[in-house]
Amino acid sequence: MRALLLVSLLLLGACAGAGEQPVGGGSASGDSAPGVTGDTVVIGTHQPLTGPAAPGYSRISVAAKAMYSYINDKGGIHGRKIDYRVEDDGYNPTRTVEVVKKLVLQDQVFAIVGGLGTPTHSKVVQYLNTEGVPDVLVSSGALMWDDPASKQTFGFQVDYTREGKIQGKYIADQLPGKKVGLLFQNDDVGRDAQKGLDQFIADRIVTRQAYDPANTDVLPQVNALTSAGAEIVVCSCVPAFTALSILTAARLGYKTQFVVSSIGADPATLTGLLQDFAKRGGTEVSAPALLNGMIGTGYLPDAGRTDDPWTQLFREVHAKYMPNEPLTNTVIFGMAQAYTFAQALKLAGRDLTRAKLVQAMESGQITGPGVTPFGFSAQSHSGYTGAYVFQVNPDSTTREIQPPMTTDRDQGPITPAPTARKSPAEVALVGP
């Protein structure tokens with residue numbers, strides 16, 4: 001009987017930690033939800049600090065922490081400091097389940113923010129929604145984050161289908177008549193991207209090659225692309241596999257036009273990876289030469305822009321809180337994501353609950369660093385709704401070759417994105 005009572009108490013404690021606590025905002029302690037006190041809000045994330053996606057992506061949480069430090073030093077949000085807890089899942093779905101349950105049940109986080117990876121985060125979506133834990137700004141462009149059944153979950157980056165549509169139309173319009181090969185991660189990254197690409201270039205695709213993120217040998221896939229005569233390779237790949245594919249093509253003497261999705265197209269991140277991977281193989285390469293002419297897509301302002309008010313803010317935060325890290329577009333991603341969550345936290349109000357955070361996310365009032373609008377509403381939990389197209393210069397800087405466009409995840413048109421967006425000063429997130 002005593003053992004049964006103990007089990008019952010543990011179960012009740014776990015359930016209380018997962019949902020809203022009944023004390024409300026007016027309690028003497030100031031607690032209004034798990035992870036929330038009068039002066040702190042605890043949030044968590046799972047990130048690939050090790051494993052196949054770590055090269056490049058491991059810096060996202062470092063950048064997010066820098067932005068949260070900046071916000072905290074400015075007084076926090078409604079007087080609360082953001083306590084950001086990062087767990088390494090190694091880009092391993094089994095480990096993701098373990099660390100997310102730890103964050104929810106042991107750390108009692110208020111929300112999971114920016115959980116990274118399609119194969120990883122897909123394993124915890126149902127759990128987080130069942131437990132009533134806000135699951136916001138997922139670091140993946142899979143369509144599944146915009147699912148009416150997942151009321152707690154919200155995307156962040158442009159989804160792979162929208163991005164695939166924009167890439168496909170650009171190829172159809174600007175690179176006509178060339179044979180196209182697809183190289184993609186063998187999960188929703190690849191499946192969702194093809195839904196967009198096929199709307200415009202299905203009849204020009206000569207081969208479709210999937211890679212497994214657990215296997216870093218892409219020689220069979222690159223050989224297949226070469227044999228098929230693909231003059232353009234659309235790479236829906238994380239940074240490590242973009243770099244591995246470019247290196248393998250160079251080693252084979254395979255000259256092709258790479259068109260890379262936003263998840264793996266950051267030139268600064270790729271430069272480091274190309275040099276590192278080549279060195280491990282006992283050779284040296286010129287990263288600028290390998291990247292010259294690569295086409296990519298993006299939805300956040302490029303790290304190299306000095307005239308954009310958002311990159312000016314990011315440069316300020318970078319210089320103070322992470323000066324020894326290279327300022328890459330991957331770092332910009334982490335800062336932008338953290339800033340966006342802080343906006344939602346502010347909109348949710350001082351009397352903070354999980355339900356109010358979800359309402360803030362659905363309010364349509366969140367604007368931010370991106371060059372296209374968010375899709376957030378009560379009807380859509382989609383993140384950014386479009387992208388621009390850029391090309392890498394000989395010195396590894398980039399130039400925009402198609403302005404930001406927006407579209408839907410279905411058969412809708414691709415149209416120019418609104419040019420007006422609020423500056424950090426207009427958002428007025430922190431400060432007097």
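I'd like to check something: does segment 368-378 contain any residue that is without any contact (Cβ under 8 Å) to a residue 12 or more places away in the chain, out of contact with any Lys or Arg (no Cβ under 8 Å at 6 or more places or on another chain) and in a loop (DSSP other than H, G, I, E, B)?
No: zero hits.
Can you tell me which residue within segment 164-181, out of those that are of a type in the set (Gly, Ala, Ser) and not in a loop (DSSP other than H, G, I, E, B), is most open to solvent (accessible area, probe 1.4 Å)?
Among those residues, the one meeting the criterion is ALA172.
Here are some conditions: (1) of a type in the set (Ser, Thr, Tyr); (2) farther than 26 Å from THR406 by Cβ; (3) open to solvent by less than 20 Å² (accessible area, probe 1.4 Å). TYR299 meets all but one. Which one does it not meet?
(2)
Working only within segment 284-300, note down all residues that are among the polar types (S, T, N, Q) and outside any strand (DSSP E or B).
Hits for segment 284-300 are SER286, ASN292.
Would you be able to say whether some residue in segment 385-403 is within 14 Å of GLY168 (Cα to Cα), among the polar types (S, T, N, Q), in contact (Cβ under 8 Å) with a residue 60 or more places away in the chain and out of contact with any strand residue (DSSP E or B) (no Cβ under 8 Å at 6 or more places or on another chain)?
For segment 385-403, residues within 14 Å of GLY168 (Cα to Cα), among the polar types (S, T, N, Q), in contact (Cβ under 8 Å) with a residue 60 or more places away in the chain and out of contact with any strand residue (DSSP E or B) (no Cβ under 8 Å at 6 or more places or on another chain): absent.
For every residue, the table says whether it meets (1) in contact with a strand residue (DSSP E or B) (Cβ under 9 Å, 6 or more places away or on another chain); (2) within 21 Å of PHE156 (Cα to Cα).
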| residue | (1), (2) |
| --- | --- |
| ARG251 | no, no |
| LYS279 | no, no |
| TYR299 | yes, yes |
| GLY349 | no, no |
| LYS356 | no, yes |
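Exactly one of (1) open to solvent by less than 10 Å² (accessible area, probe 1.4 Å); (2) more than 24 Å from GLY386 (Cβ to Cβ); (3) out of contact with any Pro (no Cβ under 9 Å at 6 or more places or on another chain) is unmet by VAL158. Its number?
All conditions pass for VAL158, except number (2).
Is it the case that VAL358 is among the β-branched types (Val, Ile, Thr), in contact with an Asp or Glu (Cβ under 7 Å, 6 or more places away or on another chain), part of a helix (DSSP H, G or I) and within 21 Å of ILE82 (Cα to Cα)?
Considered against the rule, which asks whether it is among the β-branched types (Val, Ile, Thr), in contact with an Asp or Glu (Cβ under 7 Å, 6 or more places away or on another chain), part of a helix (DSSP H, G or I) and within 21 Å of ILE82 (Cα to Cα), VAL358 comes out as no.
Only one residue in GLN365, GLN391, GLN359 is surrounded by fewer than 19 Cβ atoms within 10 Å (Cβ to Cβ) and farther than 28 Å from GLY164 by Cα, so which one is that?
Matching residue, one of GLN365, GLN391, GLN359: GLN359.
Could you say which residue among ALA319, ALA289 is at pLDDT 95 or above and not assigned by the TED database to the domain that holds SER139?
Step by step, each of ALA319, ALA289 is checked, and only ALA289 is at pLDDT 95 or above and not assigned by the TED database to the domain that holds SER139.
Quick one: which residue in LYS123, LYS169 is more than 15 Å from the chain's Cα centre (by Cα) and more than 19 Å from GLN411 (Cβ to Cβ)?
Answer to the selection: LYS123.
Check LEU352 against each of (1) in a loop (DSSP other than H, G, I, E, B); (2) buried (at least 20 other Cβ atoms within 10 Å of the Cβ); (3) within 20 Å of the chain's Cα centre (by Cα) and name the one condition it does not meet.
LEU352 satisfies all of (1) in a loop (DSSP other than H, G, I, E, B); (2) buried (at least 20 other Cβ atoms within 10 Å of the Cβ); (3) within 20 Å of the chain's Cα centre (by Cα) except (3).
May I ask you to say which residue of THR271, THR242 is of a type in the set (S, T, N, Q) and under 17 Å from the mean Cα position of the chain (by Cα)?
THR242
Which residue pairs have Cβ atoms closer than 9 Å, lie 6 or more positions apart in sequence or on different chains, and pair a first residue in segment 103-116 that is assigned by the TED database to the domain that holds LEU137 and in contact (Cβ under 8 Å) with a residue 60 or more places away in the chain with a second residue that is basic (Lys, Arg) and in a helix (DSSP H, G or I)?
Pairs found: PHE110/ARG354; ALA111/ARG354.
Would you point out which residue out of THR283, THR311 is surrounded by fewer than 17 Cβ atoms within 10 Å (Cβ to Cβ) and either free of Cβ contacts under 8 Å to residues at least 60 places away in the same chain or closer than 30 Å to ILE232 by Cβ (or both)?
Answer to the check: THR283.
The values are calculated or read from the model by the stated rules, or taken from the named source; none is laboratory data. Everything quoted here is computed from the prediction, not taken from an experiment. Quick reminder, even Gly has a Cβ in these numbers, built from the backbone with ideal geometry, and neighbours come from all protein chains shown. For accessibility, only protein heavy atoms count, side chains too; no ligands or nucleic acids. Shrake-Rupley method; radii C 1.70, N 1.55, O 1.52, S 1.80 Å.
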